[in-house]
Amino acid sequence: MEDAGHRCSVKRTPKLLREVSIVKRITITRLLWLLACVILAATGISAQSDPTYKVDPNWAQLPQGTNWNGNTTWITADGKGNVVVLVRTAPYFRVFTRDGKFVRSFGDDGLFESAHSVTIDSQGFLWVTDSAAHLIHKFNSDGRLLMTLGKKGVAGDNSSKDLFNQPNHVAIAPNGDIYVSDGYQNARVIQFTGAGQFVRIIGGGKGSQPGQLQLPHGVALDSKGRILVNDSDNQRVSVFDKDGRFVETWPFPSRGGIAVAADDTVYVSDVNVGIVNIVKDGKHVGSVSADRAHGMGIDTDGSIYVSGASRMTVMKVTKASGR
């Protein structure tokens, strides 16, 4: 380090470097939390949990004598009675019934460098982002690898058509088209055909101006085919039409997941504030408190599933009885 022309020598031990890294992460997290709270206050959104929703943090029943053994990063439902939790350590996939009964687990150690999100499409295929390896994987329900997008260990920039840089989420359209949220380093969503052929780049301009993205952290599609993008660092959801043209933004904390119900109600989670915002026609209609809310999925029965990143837990959110 240098100060006013004088050099100060500091021995940077591994322990010191780890401590500095931890302090940086804590500081950044606090700043993001404060920023999110400011945005909530400015938009008139209350972080108080909507009493019409019930949160069950003990929904998932792990086999006796076992634990998550890693962060529960994402969760998704197949619409046929099964819910899949993605964990950052093997076995990566844990399958439960809607009632939380454990079914099975799969995914051998070393399958991913950093498993980040899982999405189940209408055919029952699992789409998983491996952010550290810059890859998107497609698996069948038994865990057999069917397709990979990207090149392992090779990062692309905002103009790349076949490479990613720490992708974090995938949405699948009814026609099978693939939408990849390529955030953390890049600032875009990339659309492919179901066969993996490049279609277009959505966003791609890093910034805070309309149509620009800063850190996409999730992508979803509504019934009109509009593309909804969590923009974590801009603390908003950016909306694009089916052809990738910018439409509008919604000011909600958004470092988490995004999911759209059959009636086009949109659920947006934020890991720093610990809430799931409920949005209808671009307007905030409620919030649900969910500790470290990160990955998220919606079942066909209306249940919402939320993973609590870094808390090793998953939650089931339902309408309270009689509401």
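Any chance you could tell me what percent of the C-alpha pair distances in the range 204-279 go past 18 Å?
On the way: 879 of 2850 pairs.
Tail of P(r) above 18 Å: 31 percent of Cα pairs.
Output the peptides 266-272, 137-143, 162-168 sorted from most to least packed, where packing is the average of other Cβ atoms within 10 Å over each peptide's residues. Don't skip to the answer; put the middle values down first.
Values: 266-272: 26.7, 137-143: 16.3, 162-168: 22.3.
Highest to lowest by the protection proxy: 266-272, 162-168, 137-143.
Order 104-112, 253-261 from most to least packed using the mean count of other Cβ atoms within 10 Å.
Details: 104-112: 14.8, 253-261: 26.3.
Ranking, from highest mean packing down: 253-261, 104-112.
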Study note, to complete from the structure: Kirkwood Rh for the range 128-168 from C-alpha pairs, in Å, is 10.4 Å
Check your understanding: Among the aspartates and glutamates, which fall within straight-line cross-link reach of K242, defined as a Cα-Cα distance under 16 Å, with same-chain neighbours fewer than 8 residues apart omitted?
Key -> D177, D222, D264
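A259: net charge of surrounding residues, Cβ under 12 Å, Lys/Arg +1, Asp/Glu -1, itself excluded? Could the numbers behind the result be given before it?
Values: positive: none; negative: D222, D264, D299.
Net of charged neighbours comes to -3.
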Check your understanding: When every alpha-carbon pair in the range 173-311 is counted, what percent end up more than 28 Å apart?
Key -> 11 percent
Revision key, fill the gap. Percent of all Cα-Cα pairs per 5 Å bin for the range 142-242, counting from 0 up to the last occupied bin, reads 3, 14, 25, 25, 19, 10, 3, 1, 0
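What fraction of the Cα pairs in the range 276-321, stated in percent, has a spacing above 16 angstrom?
Details: 441 of 1035 pairs.
Of all Cα-Cα pairs in the range 276-321, 43 percent lie more than 16 Å apart.
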**Study point:** Partner lysines for K161 [C-alpha distance under 16 Å; skip if fewer than 8 residues away on the same chain]
**Key:** K151, K152
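Taking only Cα atoms of the range 55-139, what ratio of Rg to Rh do you get with Rh as the Kirkwood inverse-distance radius?
On the way: Rg = 12.5 Å, Rh = 13.1 Å.
Rg/Rh: 0.95.
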Check your understanding: How much net charge surrounds L146 when only other residues with a Cβ under 13 Å from its Cβ are counted (Lys, Arg +1; Asp, Glu -1)?
Key -> 0
Practice item. Can you pull the one-decimal nm distance between simple spin-label points at K224 and F246, each 7 Å off the Cα toward Cβ? Key: 1.8 nm
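By its C-alpha gyration tensor, with a ≥ b ≥ c as the square roots of the eigenvalues, how is the range 113-200 shaped: rounded for a/c under 1.5, else prolate for a/b larger than b/c, else oblate?
In terms of gyration-tensor shape, oblate.
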**Study point:** 27 Å Cα-Cα reach of K80 towards lysines, excluding residues that sit fewer than 8 places from it in its own chain
**Key:** K54, K101, K138, K224, K280, K316, K319
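Pull out the extension gain between K280 and A195, defined as 0.36 nm times the separation in residues minus the alpha carbon to alpha carbon distance; nm, one decimal.
On the way: separation 85, 0.36 × 85 = 30.60 nm, distance 3.26 nm.
Contour length minus Cα-Cα distance gives 27.3 nm.
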Study note, to complete from the structure: Across all Cα atoms of the range 245-291, Rg and the largest Cα-Cα distance (Dmax), in Å, are 10.6, 34
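All of the numbers you see were taken from the coordinates with simple rules; none came from a lab. Worth saying up front: this structure is predicted, and the values here are computed from it rather than measured. Here the Cβ is made from the backbone with ideal geometry for all residues, glycine too, and neighbour counts use every protein chain on show.
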